[in-house]
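Here's the structure we're looking at; comments come further down.
The values are calculated or read from the model by the stated rules, or taken from the named source; none is laboratory data. The structure displayed is predicted, hence computed values, not measured ones. Backbone-built Cβ (ideal geometry, glycine too); neighbour counts: all protein chains shown. Surface accessibility is based on the protein's heavy atoms, side chains included, excluding ligands, DNA and RNA. Shrake-Rupley method; radii C 1.70, N 1.55, O 1.52, S 1.80 Å.
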Amino acid sequence: MRTYQETIEYLFNSMPVFEKVGNSAYKPGLFNSESLDKHFNHPHRNYRTIHVAGTNGKGSCSHTLAAILQSAGYRVGLYTSPHLVDFKERIRVNGECISEDYVVDFVHQNASFFEPLHPSFFELTTALAFKYFADSKVDVAVIEVGLGGRLDCTNIISPVLSVITNIGLDHVALLGDSLSKIASEKAGVIKPQTPVVIGEYNDETLPVFKAKALEENAKLILAEDQPEVTSYAQNADNAWKYTTKHFGIVEGQLKGSYQVKNSNTILTVVKELQLLGFDISTDHVKEGFKHVETLTGLAGRWQTLSQTPYILCDTGHNEAAWHYLSKQLNELACNQLHIVFGMVDDKDIDAVIQLLPEKAVYYFTKASCKRALSEHIIEQKAKMRGLKGTSYPTVEEACSAALSAVKSDDCLFIGGSNYIISEVLISQPWLK
């Protein structure tokens, strides 16, 4: 029998993995997912599910909802992607990662069935998560969509509630080249007679959501139309304090300006869950918001890595995310801003380059995955816009150069890709 590490290498090397090779690993359609689901006797039918889709904010919303439900006494499964440090992060029950033994046994016992199917890595991982949640006897599972919605392999579930956080131009080669086309794919998570909360909408996406909800006879809740967050401010630690319509003052643990809209979406979802019979009190909401990182292990969201010098990171990796990140970075109170930056090749690098802060020193780099965009291409595009920086072949070299240059009153930001953050969190170069 394989060891845990050998099992993970088998999964990554034998199955098409989107994180490694990009679009060629994406398998639209639910045949494999339905086949795996039938083989395991439809495990997701043993517990309630909440389905979370959207371009940005899925992870923050999923983790915070899980934290609130945990605080309310429910046994909660949480399925998210990608992981930052270890595969086990993707599958948690009450914040605890799936065990190595369970992963090893799952693959060992079922390889003879799934190998002839040639499932993608995400299809198999989803089947693993659903079975693990059933075996763990969870009360409810928060399921984050991997990519899109309509054809995503998580879309075999029948949730008690669906969430679509927002729509932005991302994965356009797979989901469509307009907001309305992408919204149509995301709207695939809207199910018959099942309420759906829309976090944000615009003139292009709202007609799509309305039409799909009408088709499915689904209750449509627009979080922006009756906002739960009525005002907000940052505390001394730069975390958010929200004044809300129904929950009083709610203090968040997550930082970053984009959390304001995420929080409004989350609170709207909580109100709907209460109507569905979930026993969630105001105290449970406050506990979940204030301790989401501790309760669920969430990382990489405007995360502080060091105070002196001030080092932080964020997994924001597309144009929509950088509209927020750029503003925050420009508002940092420091002498000189340094940025370690890399992206993957299926993102709109040109759009993001236009948003990068001008008064920063850049260390362009690439993560060690096939999808990583060449640091030289990034540097070339950045210099055409007048940005100043140097390219480095590895994340560690870029971070080392930045650390050598950063002074005690400077700030260092690391971002542009989940995979950049993953390598930083694994190696922790700032501690060396």
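Observations on the model:
- Computed in the context of the full set of protein chains, the accessible area of the range 41-195 at 1.4 Å probe radius has 45% of its extent on carbon or sulfur.
- Take each peptide in 378-390, 231-243, count the other Cβ atoms within 10 Å of every residue, and average; sorted highest first, the result is 378-390, 231-243.
- Percentage relative contact order, the chain, counting C-alpha pairs under 8 Å, at least six apart: 16 percent
- Extension gain, H118 to H42: 0.36 nm times the residue separation minus the Cα-Cα distance gives 25.4 nm.
- Applying the Karplus relation 6.51 cos²θ - 1.76 cosθ + 1.60 with θ = phi - 60° to the range 93-103 yields 3J(HN,Hα) values of 10, 6, x, 8, 5, 4, 6, 4, 4, 5, 4 Hz, where x marks Gly and Pro.
- Applying a threshold of 24 Å to the alpha-carbon distances of K131/K286; K58/K191; K241/K359; K186/K383 flags K131/K286; K241/K359; K186/K383 as lying beyond it.
- Using a probe radius of 1.4 angstrom, the carbon and sulfur fraction of the accessible surface of the range 197-296 is 47%.
- Residue-normalised accessible area of the chain, expressed per residue, 1.4 Å probe, Å²: 41 Å²
- Taking amide H positions as modeled 1.01 Å from N, with prolines and chain starts lacking one, no residue 5 or more places away or on another chain lies under 5 Å from E96.
- Whole-Hz couplings from phi, Karplus 6.51/-1.76/1.60, listed for the range 209-216; x for Gly and Pro: 5, 5, 5, 5, 5, 5, 4, 9
- Protein accessible area in the range 299-350, 1.4 Å probe - carbon and sulfur %: 45 percent
- Rounded to 5, the percent of DSSP beta bridges in the chain classed as antiparallel: 30 percent
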